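Working notes for the structure below.
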Amino acid sequence: MTEPGPVAVVTEVDDITADMVITELNERGVPVVRFDPSDVGDHLLFSARFGADTASPAGHLRTPSRATSLEGVRAVYWRRPTWPHFDHLDDADARYAAAQVRHGLGGTLYALPNCRYVNHPLRNHTAEHKPLQLAAAERFGLTVPPTLISNDLGDVRAFIAAHDQVIYKALRWTPYRRADGVGLTTWAEPVTADEVDESVSVVPHLFQARVDKVADLRVVVAGDQVFPVRIDSGLLDWRADYDALTYQVAALPDGMDKALIAYLEHFGLASGSFDLAIDRDGRLHWLELNPNGQWGWLEDKTGLPITAAFADLLEQGAAP
């Protein structure tokens with residue numbers, strides 16, 4: 001019987017979460033090949049053949065320390081990859097070169113045969129869209145706070161007026177730096193009707209009725225293993241100050257674990273991190289899904305075996 005092939009870990013150089021999973025896989029004797037797409041060139045070589053009688057693509061991938069056949073990869077852990085920018089080229093050539101890497105190397109990695117993806121990057125991309133998330137959450141019976149996505153000033157002001165308290169959230173997190181190099185980010189923030197003006201029409205915005213919450217819940221799902229963690233902070237957006245957080249392992253209401261697993265299956269995902277709000281009556285309210293969310297610090301704070309759950313998925317490879 002042919003020995004199972006390696007797990008490909010696709011991520012940037014500094015990725016502590018990936019390091020945790022790789023260490024676990026190494027301890028199990030599972031071979032790993034790690035690389036970042038931005039290494040393409042002398043530090044990352046690949047060839048892919050199509051149209052042969054065997055499963056396509058067939059070929060190989062080489063890094064300075066590892067080599068593997070494409071058809072032998074049992075699983076791909078798609079973590080935090082970066083793509084080359086080709087800063088030494090002029091703008092037009094750099095855009096051309098970057099597109100070739102994304103569609104050549106990226107397209108090949110998206111098409112590996114007999115392979116389990118955690119998660120497939122194209123399915124991650126689909127599941128990151130907030131409108132799709134909200135619609136799916138309702139279909140799976142999750143409680144969704146009243147939400148408006150709009151660039152119509154009249155509709156926005158009417159929505160804010162109709163609800164006691166409203167928050168604004170970005171539809172997509174985007175790296176952002178000021179001209180002086182200082183990094184900025186956008187947290188969930190309260191908003192009033194008199195704070196919005198005609199500039200709201202430039203792009204769509206997400207407005208949501210504020211949940212009268214007492215705590216947050218992050219639920220990490222890996223395959224059929226579910227890890228709920230209660231996060232207490234007193235903050236509207238707990239990401240704003242990690243030093244203010246306390247954690248405890250939580251329990252989900254009956255059937256909630258199955259609903260979250262089914263939610264991921266709907267998007268073709270093997271894993272994901274859900275954020276929910278707990279109100280004063282203990283009810284859970286949908287906030288969002290991060291298909292490729294961070295969880296390493298939660299294991300450190302709670303002792304939950306999340307690393308082992310991800311290693312289980314990757315070690316198993318593709319389902320029969």
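Read the figures in this text as sums done on the coordinates, not as results from a lab. For clarity, every value in this text was computed on a predicted model and none was experimentally measured. Glycine gets a Cβ as well: all are built from the backbone with ideal geometry, and neighbour counts include every protein chain shown.
Scalar couplings 3J(HN,Hα) for segment 209-225, obtained by applying the Karplus form with A = 6.51, B = -1.76, C = 1.60 to θ = phi - 60°, are 4, 6, 7, 7, 9, 10, 6, 10, 10, 9, 10, 9, 10, 10, x, 9, 9 Hz; x denotes Gly and Pro.
When you filter the chymotrypsin sites (Phe, Trp or Tyr not before Pro) in segment 18-61 for DSSP loop state and at most 13 other Cβ atoms inside 10 Å of their Cβ, you are left with Phe50.
Per residue of the chain, the DSSP helices (runs of n ≥ 4 H) give a summed -39500 (n - 2.57) that works out to -7000 deg cm²/dmol at 222 nm. As a ratio to 2.2 N^0.38 Å, the alpha-carbon radius of gyration for segment 146-209 is 1.20.
Less than 5 angstrom separates the built amide H of Val33 from those of Val7, Ala8, Val9, all sequence-distant by 5 or more or on a different chain.
Restricting the calculation to Cα atoms, segment 7-114 shows an Rg/Rh of 0.99 when the hydrodynamic-style radius is the Kirkwood one. Between amide H atoms placed 1.01 Å from N, distances below 5 Å from Ala270 occur with His120, all of them 5 or more places distant or on a separate chain.
Build a GNM of the chain with springs between Cα atoms under 10 Å apart, and of Val118, Val32, Val202 the one that fluctuates most is Val202. Mind listing which trypsin sites (Lys or Arg not before Pro) in segment 275-320 are in a DSSP loop and have 14 or fewer other Cβ atoms within 10 Å? The qualifying sites are Arg280, Arg283. Extents of segment 224-266, taken as max minus min of Cα coordinates on every principal axis and listed largest first, are 33, 20, 15 Å.
The mean of 1/r over all distinct Cα pairs in the chain, once inverted, gives the Kirkwood hydrodynamic radius of 21.8 Å.
In plain terms, the C-alpha convex hull of segment 180-320 casts an average shadow of 12.2 nm² when viewed from every direction. Say the dipole of the chain comes from +1 at the beta carbon of Lys and Arg and -1 at that of Asp and Glu; which of His88, Ala318, Ala270 then lies farthest toward its positive end? The residue sitting farthest along the positive end of the dipole is Ala318.
Of Leu132, Leu89, Leu206, the residue with the greatest mean-square motion in the GNM of the chain, using alpha carbon springs below 10 Å, is Leu89.
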